[in-house]
1. Kindly provide the set of residues from the range 185-213 that are of a type in the set (Gly, Ala, Ser) and closer than 23 Å to Asp265 by Cα, ordered by number.
2. Exactly one condition in (1) near the ligand (Cβ under 10 Å from one of its atoms); (2) touching a Ser or Thr at 6+ places or on another chain (Cβ under 7 Å); (3) in a strand (DSSP E or B); (4) among the hydrophobic types (A, V, I, L, M, F, W, C) is not met by Trp184; state its number.
3. Got a sec? Which of Arg182, Arg229, Arg251, Arg191 is closer than 29 Å to Tyr104 by Cβ, surrounded by fewer than 18 Cβ atoms within 10 Å (Cβ to Cβ) and either at pLDDT 95 or above or not polar (S, T, N, Q) (or both)?
4. Based on this model, can you work out whether Arg191 counts as part of a helix (DSSP H, G or I), more than 10 Å from the ligand (Cβ to nearest atom), of a type outside the set (A, V, I, L, M) and under 30 Å from Glu127 (Cα atoms)?
5. Do you know which of the residues in the range 232-278 that are assigned to a loop (DSSP other than H, G, I, E, B) and of a type in the set (A, V, I, L, M, F, W, C) is nearest to Glu156 (Cα to Cα)?
6. From (1) without any contact (Cβ under 8 Å) to a residue 40 or more places away in the chain; (2) more than 20 Å from Arg251 (Cα to Cα), pick out the condition that doesn't hold for Ala95.
7. With the condition kept exactly as written, say whether any residue in the range 149-170 is farther than 19 Å from Ile8 by Cα, β-branched (Val, Ile, Thr), at pLDDT 95 or above and not in a loop (DSSP other than H, G, I, E, B).
8. Taking the range 262-272 only, how many residues are surrounded by fewer than 22 Cβ atoms within 10 Å (Cβ to Cβ), in contact with a helix residue (DSSP H, G or I) (Cβ under 9 Å, 6 or more places away or on another chain) and either touching a residue at least 24 places away in the same chain (Cβ under 8 Å) or closer than 22 Å to Ser15 by Cβ (or both)?
Amino acid sequence: MSTPQTGIFALGTASHAYLEFDLRASADGRALVSAVAGLREPRTTMGGVNLVAGFRPELWSRVAPAEDVPPGVEGFNRPLVGSDGYGMPATQHDAVLWLSGSAYDVVFYVARGAIATLGSVAVIVEETSSWAYQHDRDLTGFIDGTENPTLFDAPEVALIPDGEPGAGGSILLLQKWIHDVREWESQPVARQEQVIGRAKPDSVELEDRPADSHVARTDQDEFGKIFRRNMPYGTVTEHGTMFVGFSADQRRLGTMLESMAGITDGVRDALTFFTRPVTGAYYVVPSIPAIRRYLSS
Ligand code: HEM
């Protein structure tokens, strides 16, 4: 399989930063891809930082040769509106850098360097920092990631297969959700479990999970498999979940969102009554060889 960006699969890192950029009017897409290809991260075990780079699908398909472009992938260009008017905003940008490491100091340092390096071609427009909460819980208090594929299976789920255009690349959905903490925490645990569809202490799936539970609305047996790297983010008074989902096929991510919004059958994900997305963007995360083409240009 064509070598993917390895940070996609680097579990266990406690500190993260998501940096989204727009191209400067004076620069072109190729210059942005070249500048990203030239970024250098520290490479010691503890001081090292994982760097994952992605591009607006339309920008990548303009710049890259056909063999590196997964066909039919589109940016999050229009808001997604459910049958009852519930909306998910479209806040597509031109590029994303996702940095993750053992501690925030190294992530902060590398993020500052990356923003400076890209400064002549792109401007940073969205920045979110994330940190681990109670080992593997999201800020609803539930364990997040239980139904993820194992690291042996994840590449097959997340990466475009060899022989197809864009092989070794992935499609990323990055979506920031703000939780309505007061409303969520006013629910008894038994109600919260019905909303998620899993038990709160140990994430065991409920035998009689409701049809509007989150795990029913995103059931991977129905929509196809994805690999999630969600993280908590925010401040004490305003916080939520950074949804970070990778798939070999954009449709899996898109149909999950439609299902959550109730577009498919009018049933809205119960979780969406307690949390709302404030950003939403898709990025093509090319393989390493596809990015390295731009090193010397
Ligand atoms: C505030 C936003 C979100 C929160 C707090 C959240 C939290 C959770 C939790 C606690 C679980 C159960 C444990 C697990 O399997 O990981 C779960 C499952 C899942 N979530 Fe989310 N999630 C959010 C948004 C999303 C979005 C936007 C998508 C898809 C685009 C998604 C896709 C999934 C999938 C595929 C599963 C596993 C379903 C299965 O059992 O097959 N989630 N999520």
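1. Scanning the range 185-213 gives Gly197, Ala211, Ser213.
2. If we test Trp184 against (1) near the ligand (Cβ under 10 Å from one of its atoms); (2) touching a Ser or Thr at 6+ places or on another chain (Cβ under 7 Å); (3) in a strand (DSSP E or B); (4) among the hydrophobic types (A, V, I, L, M, F, W, C), just (3) comes out false.
3. Arg182
4. So Arg191 fails the test.
5. Looking at the filtered set, the residue picked out is Ala248.
6. Here Ala95 meets the rest and fails (1).
7. So far as the range 149-170 goes, no, none of its residues is farther than 19 Å from Ile8 by Cα, β-branched (Val, Ile, Thr), at pLDDT 95 or above and not in a loop (DSSP other than H, G, I, E, B).
8. 6
The values are calculated or read from the model by the stated rules, or taken from the named source; none is laboratory data. All values reported here derive from a predicted model rather than from experimental measurement. We place every Cβ from the backbone using ideal geometry, glycine too, and count neighbours over all the protein chains shown.
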